Structures are given as structure tokens and as C-alpha cells.
1. Restricting segment 401-417 to residues that are surrounded by fewer than 16 Cβ atoms within 10 Å (Cβ to Cβ) and within 42 Å of the chain's Cα centre (by Cα), which is farthest from the ligand (Cβ to nearest atom)?
2. Whether any residue in segment 383-403 is closer than 25 Å to G495 by Cβ, touching a strand residue (DSSP E or B) at 6+ places or on another chain (Cβ under 8 Å), of a type outside the set (A, V, I, L, M, F, W, C) and modelled with pLDDT of 95 or more is what I want to check.
3. Which condition breaks for G203 when tested against (1) under 12 Å from V261 (Cβ atoms); (2) modelled with pLDDT under 85?
4. Mind checking which pairs have a first residue in segment 457-472 that is near the ligand (Cβ under 8 Å from one of its atoms) and a second that is among the charged types (D, E, K, R), Cβ under 7 Å, 6 or more apart or different chains?
5. Name the one entry in D327, D271 that is acidic (D, E), assigned to a helix (DSSP H, G or I) and within 30 Å of R385 (Cα to Cα).
6. Quick check on A333: is it closer than 17 Å to A468 by Cα and open to solvent by 40 Å² or more (accessible area, probe 1.4 Å)?
7. When you scan segment 164-266 for strands (runs of 3 or more DSSP E) that lie fully inside it, which ones turn up with 3 or more residues that are touching a strand residue (DSSP E or B) at 6+ places or on another chain (Cβ under 8 Å) and open to solvent by less than 50 Å² (accessible area, probe 1.4 Å)?
8. Considering every residue within segment 385-400, establish whether at least one is in a loop (DSSP other than H, G, I, E, B) and either within 16 Å of the ligand (Cβ to nearest atom) or not β-branched (V, I, T) (or both).
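The values are calculated or read from the model by the stated rules, or taken from the named source; none is laboratory data. The model shown is predicted, which means the values in this text are computed figures rather than measured ones. In this analysis, Cβ positions are derived from the backbone assuming ideal geometry, glycine residues included, and neighbour counts consider all displayed protein chains. Each accessible area value is taken on the protein alone, full model and side chains, heavy atoms only, with ligands, DNA and RNA left out. Shrake-Rupley method; radii C 1.70, N 1.55, O 1.52, S 1.80 Å.
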Amino acid sequence: MKLLQFFQIPETFDPDDYRMRRILNIIILFLMAAALVALIAVFSYGNSCSCIFSDPESLTILGGSIGIIVVGTILIALNRSSHIPKNVVGSILIASLLAVTFFSDTPKALTDGPSSNMLLLPIVLSAIVLPPASVFMIDIVVTILFMYAAEFQWVQFNVYALIIIWAVSAATWLGMSLANKALRDAHNEAKKNRAILDGVADGVVVFGVDNTIALANPAAEELLDGELTKILSASESAEICGRFLSLRWSTVQGVGRVAIVRDISRQIEIDRAKDAILGVVSHEMRTPLSVILGFSELLKVRPTPDMAERIRINALRMIRMVDNLLDLAQLQARALKMYQEKFPPRLLADEVDKLLCEYALEKQVALNITVAESLPDELTGDLQRYQQILVNLVDNAIKFTKKGGRVDILLAPHGEPEKWQMVVSDTGIGIPTERLPDIFEPFRRASDYATRSYQGAGLGLSIAKQIAQLARGDIEVKSTVGQGSTFTVTLPIKGGA
Ligand code: ADP
């Protein structure tokens with residue numbers, strides 16, 4: 001196997017160079033094979049070793065063949081090396097062939113007789129392994145050698161032989177130039193097509209008739225994580241490597257099947273999100289509306305004292321929902337403005353007290369608010385938005401804590417300088433660890449179990465986190481199922497919008 005590799009050209013070369021080096025290898029191998037045949041013939045003809053070594057003709061063939069095999073091996077080794085410029089090995093080969101041709105016969109036979117045809121071999125080969133125009137260089141060398149031989153009166157100057165050699169050279173040059181140009185054009189066209197294919201966002205995979213991969217663009221490699229054959233068993237769509245893919249197959253005569261692969265995961269995610277949003281919003285709007293409608297009908301026939309209050313609470317729930325949707329839209333359009341004002345931290349605690357004290361009492365959840373003395377008397381930021389964040393966290397904490405539980409709120413300096421924090425901890429139901437990253441996404445709720453028993457559209461935390469980040473702060477959560485959750489909001493003391 002290793003020996004076979006030695007005779008192959010590594011594919012790291014530029015395609016033109018690679019092609020030329022491969023042809024050169026084939027020619028050298030052909031010459032080496034011919035030398036080997038000659039070697040075997042000499043041995044089988046001579047029969048005994050002593051006879052071969054005493055016969056000068058056998059000795060010449062023996063030496064020549066061994067020489068060709070050795071030089072051929074060296075040339076193949078050089079041809080494989082990227083340090084050797086592309087025309088060097090070809091030039092050595094043609095020069096050697098010229099030398100061998102010149103010295104293999106008498107000057108008379110070479111220039112005058114049939115041996116002159118031998119000179120066509122290096123000329124024609126030079127057009128193949130060197131640039132086509134090199135045939136004329138070789139021709140000039142041959143002509144000079146012809147004239148040299150004639151000058152010394154060894155032979156008559158053979159004009160016809162020269163004319164034939166020049167005519168063959170011109171024809172070879174023309175043929176090879178046209179072939180080279182056609183190859184270059186085809187190569188450029190392939191490069192252009194490859195560039196287009198590489199730039200296409202969709203994956204393109206071409207399977208041969210035997211389902212082997214004939215071509216694949218980088219987008220396909222990426223979409224299918226390198227496992228291109230996985231789509232063979234799919235028809236119109238597939239879920240591969242965690243992605244939803246749409247497939248379009250077509251058959252190209254003589255090539256095989258072409259698959260266009262498109263990642264539709266995002267589309268599916270959007271569709272699912274749309275369904276979820278519609279489901280949550282319609283449920284969150286429909287429930288209070290039905291209550292309002294029901295009580296207002298009842299109000300006409302049998303009014304009871306708490307009816308007006310129930311209508312008010314449900315109307316408030318709807319207003320909160322609409323406010324949240326508006327906030328979310330503003331945040332997503334990056335249009336939410338944060339104000340900078342100085343305020344005492346106590347105002348945050350007061351707001352929670354005002355809005356949620358009754359709710360906590362009703363649920364029999366103990367609510368404790370502590371404002372650390374070490375906190376500056378004045379903080380800077382958007383008080384209303386900070387109140388919105390805190391009220392949302394405390395509202396959730398009370399909502400997800402059972403009777404007899406407690407919710408603690410601490411406003412205190414943060415470990416990092418120039419920062420303060422609002423910490424809301426509860427002894428509630430907790431959030432499963434795998435759902436923690438999700439709860440800050442809009443319309444996501446920690447579990448179906450939670451959604452069934454507790455109302456909410458899954459917007460509050462998403463809005464709170466985005467507002468905190470807009471103020472150059474953040475929200476973090478730690479939670480243990482069955483034990484409770486702690487939400488920590490970090491904000492800059494001097495404001496940060
Ligand atoms: P919702 O309006 O549904 O409360 P949020 O965005 O405020 O929306 O909260 C998202 C989800 O996070 C909730 O549905 C709930 O599953 C979970 N969650 C939030 N706070 C708590 C908490 N203190 N304890 C347990 N789960 C919570």
C-alpha cells in the first residue's frame with residue numbers, strides 16, 4: 001500500500017500542477033516498465049549470468065535498463081515533492097530523452113535515416129509534460145544539433161527531416177495549446193460553480209447512481225454535521241442532529257440524485273412560539289373577560305357585594321397583560337426609555353407593601369422586607385421600572401409559595417463596588433434545574449404543572465431581565481424544587497441606562 005502511494009501524486013497540489021505531475025508519473029512509469037521488460041528479456045535470452053556479462057550488447061541493455069529504473073525512481077520521488085518547482089522534473093526527463101536519442105545511434109542515422117523519427121518522441125512528450133510552447137525550444141536544440149553534425153561533414157544537412165520535425169512540433173503545439181485552454185476554461189468554470197455552490201446558504205448534496213457522495217457544499221456539511229448519507233432515507237423532511245431539515249430531491253441524468261437541504265428549525269421554532277403565544281395570550285385574555293362578562297350579567301339580576309371587586313381584579317389582570325405585551329414590544333423594538341432619577345431605596349419597599357401585602361396575607365405567606373443600613377440613602381435609576389421588577393419577583397414568589405411559607409426581600413449593597421442588589425427568596429415550589437434557563441424567555445413557564453395551577457403568561461421575568469440589563473444590571477436565579485427559589489437583581493448604584 002505504502003509502495004503504491006509512492007507512485008501517486010499527493011492531492012495537495014494546485015489542480016493544473018497535479019494533472020501535469022500525474023501525466024509525468026505515468027510516462028516515467030511507462031519507461032520504467034519498458035526497462036524492466038528489457039531487463040527480463042536480457043536475462044531470459046542470456047540464460048547464464050556469465051554469458052550476459054561477457055556480451056557487450058546485453059551489458060549495454062542491462063546497464064541502460066537499470067539506469068532508467070534508478071533515474072525513474074528518483075524522478076518520481078522529486079515529482080512528489082512540493083519543494084520542486086513544477087517544470088523541473090519534466091525538463092530533466094525531456095533532456096534525458098534527448099540525450100539518449102542522440103547517443104543511441106550514429107549521427108548519420110539520426111539526421112538522415114529512419115532514426116530521425118525517434119526525435120519526435122521528446123518533442124511530442126515535451127508538449128505534454130511541459131508548457132506546449134516548449135516544443136519549439138526542443139526543436140531549436142534538435143536543429144542546432146543537426147547543423148552541428150552537418151558542419152563536421154558527418155552527414156548531409158537533411159532539410160526534409162527538419163521540416164517534418166518542425167511541422168509535427170507546430171501541430172503538437174497547436175493541439176496541446178487548444179487542449180490546455182479547454183482544460184483551463186473547464187477548470188475556471190468548475191471554480192466559478194464551486195464558488196457559487198460554496199456561497200449558497202442551502203445545503204447541496206449530489207449522490208452518484210450508487211448513492212456515493214459525488215459533491216457536497218460546506219452548508220450541507222454543516223447542516224448534516226458531516227453525516228451526509230443520513231438524508232438518503234428521508235424524503236421531504238428530516239430531523240437530523242437536532243435540526244429540522246426540508247429536503248428537495250431531483251434526478252440529474254447521468255449524474256445521480258441532487259438533494260437541496262434547508263434548515264427550517266427556526267421557522268418551526270417561530271411557528272411553535274406563535275402557537276404558544278396565541279394559546280397563552282388568548283387564555284390569559286379570555287379567562288378574565290369571561291369572569292367580567294359573567295359577573296356583569298349576574299350584577300343585573302342578583303348583585304352581591306364582592307362582584308364589583310371581582311370585576312375590578314379581572315379588569316386589572318387584563319390591563320397588566322396588555323401592559324406587559326406593550327413593554328415586551330417596546331423592549332424588542334429597543335424603544336423602551338429608562339429614566340434616571342435619584343430615589344431613596346425605601347420607595348421600592350413601600351411599593352411592594354402597597355401592592356402585595358394584602359395578597360400575601362390572603363395567601364397566608366409571611367412577607368418580610370429588609371432595607372440594609374449599609375445601602376446608600378440615595379440610588380439613581382428608573383424608580384418605576386425597578387419597582388416593576390421587584391413587584392414582579394415578589395408577586396411570583398407569593399404566587400408560587402404555599403400557605404405557611406415565607407417570602408424575604410432584601411435591598412442591600414452588592415459584593416461588587418458601585419452595585420446594589422434586590423434579593424427575593426421564597427420557600428415555594430422551586431423550579432426544576434433544566435427549566436431555569438427557559439424562564440427568562442418570553443411566554444415560557446417552568447412546567448406544565450405550574451401553568452395549570454397558577455395563572456400567568458410567562459412574560460414578567462423576561463421583561464424584568466431585559467429591563468435590568470438595559471440598566472446595565474442583571475437577574476440571576478437559584479432554585480431547588482420543593483425548597484424554594486432566590487432571585488437576585490444586581491443594579492448600578494449610580495444608574496446605568
Ligand atoms: P408568569 O406570569 O407565568 O409568572 P414569569 O415570567 O413571571 O411569568 O415567570 C415565568 C415562570 O417562571 C413561571 O410561570 C413559573 O413557572 C416560574 N417562576 C417564576 N418565579 C418563580 C418562583 N418564585 N417560584 C417558582 N417558579 C417560579
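1. If we take residues in segment 401-417 being surrounded by fewer than 16 Cβ atoms within 10 Å (Cβ to Cβ) and within 42 Å of the chain's Cα centre (by Cα), then P417 is farthest from the ligand (Cβ to nearest atom).
2. Yes, because at least one residue in segment 383-403 is closer than 25 Å to G495 by Cβ, touching a strand residue (DSSP E or B) at 6+ places or on another chain (Cβ under 8 Å), of a type outside the set (A, V, I, L, M, F, W, C) and modelled with pLDDT of 95 or more.
3. With respect to (1) under 12 Å from V261 (Cβ atoms); (2) modelled with pLDDT under 85, G203 is out only on (2).
4. A457/E284; G458/R444; G458/R445; S462/E441; I463/D327
5. On the way: D271 fails: within 30 Å of R385 (Cα to Cα).
From the options D327, D271, the qualifying one is D327.
6. Answer is yes for this residue.
7. 203-207, 243-252, 256-263
8. yes
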